[in-house]
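Report on the structure given below.
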Amino acid sequence: MVKELPVIYLQTAACSGCAVTLLNTASPTIKNVLIDQIAPGVHINLRFHPVIMAAAGEMAIRAMEDTAEQKKGEYVLVVDGAVPTAPGAVYGAIGERNGKPVTMLQRVTELAADALAVIALGTCASFGGIPAAPPNPTGCQPVRDVLKKEGISKPLVNIPGCPPHPDWFVGTVAGVILNGLPAADDLDDLLRPRAFYGKLIHENCPRRACFDEGKFARKFGDEGCLYELGCKGPITYADCPVRRWNSGTNWVIGAGAPCNGCTQPEFPDQTAPFYEKLVDVELPTIGAYWAGKEEK
Ligand code: SF4
Ligand code: SF4
C-alpha cells in the first residue's frame, strides 16, 4: 500500500528559477521524485505545478481546486515567489473564478488555510527577495508576513536561495515524510532548516585559510579570499561549500566569484553592491599583521 502526499506548487511573483532548480535535482532525479516512492511506501503526488504539468487553463486550475477540496488538511502547499499585496492585489492572478481573476494573494491565503503545511521556496517566498526590493510598487511580501496578517497559523518552512539548491527542497520534503513536520529546534529563527542553513558559508569555505592569513584576491582570477571583492560569505548561512552545485561539480566561490548572500533576508538590496566588501566584518589579527607588512 503506497501512501500519497499531495502537493500543490504555486508560482507567484518570481522568475521560475526555483522551479528550474527543482528540476535539476540529481539524487533523487526529478523523475524519481515524480514517479517513484521518495521514501519507502510514500509517493509525492504533485497535483499542480505550472511549469511541468501537462494540463493547462481550466483543466489545470480544476486539478488544483479539486485537490484543495478533496485533500483538505492533507496536502503540502509550496509557494515559489513573493505575494503581491498592493491595493486590490491586482498584480498577479492564477486562474479565474466566475469569470474574474483570482489574485495570487487569494490563492495563497485560501490554499494555506487548508494545507497540512506550507513551504516557502526561494528567497522571494521566504523573505520578499527581488520582487519586494524598493520601491516595491506591487507591495510584494514574503509568505510568512502574509499568513501572519491573515491570521493563518500553519507549520511553515522557509527554503531561501536565489535559487535554492534542489537538495534543500527535496531533503526537507523527504524529512517531513520520514520524520513528520520539523520540530521548532530543527529550524532557525528565520524558519530555515538547520540541516542545510546551520553554518555560515565562511565557516566551511576552502578559502578561509587565506582570509585568516590576510591573503586577499585584489582582482578576479587572483588566488586568495574574495572578501575584498565583495564576498558575503561571512554573513550568509548555507551549506554551499560542502554540498556544491550541479551535482557537486562546483560552486560560486570555487569558480572564483564572491557569494552574494542569496539565502539571507537582506538579499538583494542590503547585500549589494555585490562586488564591494562588507564594511563591518572584523578581520583577524594575523591578517592585519601581514597587511601591515605589505604596506611598508
Ligand atoms: S570571505 Fe568569502 S571567500 Fe573569503 S573565506 Fe569567507 S566565504 Fe570564503
Ligand atoms: S554561495 Fe552564496 S550566493 Fe551562491 S548559492 Fe550559496 S548562499 Fe547563494
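Quick look at the numbers
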{"read-out": "Using alpha-carbon coordinates, inclination of helix 104-113 to the longest axis of the chain, degrees", "value": "80"}
{"read-out": "Between 0 and 90°, nearest 10: helix 285-295 axis offset from the chain longest Cα axis", "value": "60"}
{"read-out": "Ellipsoid semi-axes in whole angstrom, largest first, where each is sqrt(5λ) of the Cα gyration tensor of the range 15-119", "value": "25, 16, 14"}
{"read-out": "Loop trypsin sites (Lys or Arg not before Pro), the range 28-126, which have at most 12 other Cβ atoms in a 10 Å radius of their Cβ (DSSP)", "value": "LYS72"}
{"read-out": "The chain: C-alpha gyration tensor shape, a/c 1.5 cut-off, then a/b vs b/c", "value": "prolate"}
{"read-out": "Value of relative contact order over the range 3-195, rounded to a whole percent, pairs C-alpha under 8 Å and six or more apart", "value": "23"}
{"read-out": "J(HN,Hα) series, the range 54-60, from Karplus relation 6.51 cos²θ - 1.76 cosθ + 1.60, nearest Hz, glycine and proline x", "value": "6, 6, 9, x, 4, 4, 5"}
{"read-out": "Extension gain (nm, one decimal) between GLU276 and ALA56, 0.36 nm per residue minus Cα-Cα", "value": "74.7 nm"}
{"read-out": "Nearest 10 degrees, 0 to 90: helix 166-179 Cα axis against the chain principal axis", "value": "60"}
{"read-out": "Label-to-label distance, nm, for residues given as GLU4 and ILE30 (7 Å Cα→Cβ offset)", "value": "2.2"}
{"read-out": "Calculated [θ] (222 nm, deg cm²/dmol) that DSSP helices of n ≥ 4 give over the chain, each run adding -39,500 (n - 2.57)", "value": "-8000 deg cm²/dmol"}
{"read-out": "Segment VAL102-GLU223, extension gain: residue separation times 0.36 nm, minus the distance between their alpha carbons", "value": "38.3 nm"}
{"read-out": "Disulfide-incompatible cysteines by the Cβ rule (no partner under 4.7 Å) in the chain", "value": "CYS15, CYS18, CYS124, CYS140, CYS205, CYS231, CYS240, CYS259"}
{"read-out": "Added length on full extension, which subtracts the Cα-Cα distance from 0.36 nm per residue, GLN37 to ARG208", "value": "57.6 nm"}
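A short reminder: the numbers here are calculations on the coordinates, not readings from a lab. Fair warning: this is a prediction, and the values are worked out from it, not measured in the lab. For neighbour counting, all protein chains shown are included, and Cβ atoms are generated from backbone atoms with ideal geometry for every residue, glycine included.
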